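This is the structure I have questions about; it appears just below.
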Amino acid sequence: MMSDTDLEKSDHQPTDDARETAADAAAKQGPAEPDAAVTIPVTDVDALSSELQAANDRVLRAQAELENFRKRSRRELSDQRRYANLPLLGDLLPVLDNLDRALAAAQQADADSGLVEGVKMVAGQLLHVLEQHGCRPIESEGVAFDPNLHEAIGKEPSEDVSEGCITRVTRVGYQLHDRVVRSPQVLISSGPPAQDS
């Protein structure tokens, strides 16, 4: 005999036969008819389509801006690394200038000692280290004056050098890769000297 709890359970749970007949009935009826409230008016479809197009456009623009930002950041980081030594080089170049002046003074005094040779070697070694790190002297003497590279401090007549070209360098200039660290100070030829008649 069934207890009261068994009867309550059987009342609430359909049997397998009942489940199958409900599924068969739903299959025989076919797909449910669309409800009239679900259909969307054509004007709303056009509005939704234009909103979707605008949203897609905003997404594409945001992606392009993000990619441009990434490229710019990579380029700036690369430049920062490449030119990180600019301040150091700016401080070292006067030291190199002083070594060159000391050598020039020793050569004028005809000092021929081991000390002068040692200073020459130190100056050469310093220049070699600078070149290893991409810092090299700017070629100036005898070339055409370039205001982007050279700093003109005067003009002088010259028979050997054509007008507008550099005759003398008073201070050597240097560049790190393609950036000028310090412009060379130069004198420019004004052409051959004027002849007194």
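With +1 on each Lys and Arg Cβ and -1 on each Asp and Glu Cβ, and nothing else charged, work out how big the dipole of segment 60-184 is about its Cα centre, in Debye to the nearest 20.
Here the size comes out at about 1040 debye.
For Asp146, what charge total do you get from the other residues with a beta carbon under 14 Å from its beta carbon, if Lys and Arg give +1 and Asp and Glu give -1?
Its environment carries a net charge of -4.
Quote to one decimal, in nm, the extra length available between Val180 and Ala105 on full extension: 0.36 nm per residue of separation minus the C-alpha distance between them.
Here the answer is 24.2 nm.
Highest mean first, what order results for 181-187, 64-70 on Cβ atoms within 10 Å?
181-187, 64-70
At a Förster distance of 22 Å, what's the computed FRET efficiency of Ala152 paired with Val95, Cβ-Cβ distance as r, to 0.05?
0.30
So how many Å³ per residue does the convex hull of the Cα atoms of segment 33-146 work out to?
Taking the convex hull of the Cα positions in segment 33-146, it is 197 Å³ per residue.
May I pose another question? Looking at segment 85-170 from every direction and averaging, what is the projected area of its Cα convex hull in nm²?
Quarter of the Cα hull surface area: 7.3 nm².
Values quoted throughout were computed directly from the atomic coordinates according to the rules given, and no laboratory measurement underlies them. These numbers come from a predicted model, not from an experiment. Heads up, the Cβs are rebuilt from the backbone with ideal geometry, glycines too, and the neighbour counts pull from every protein chain shown.
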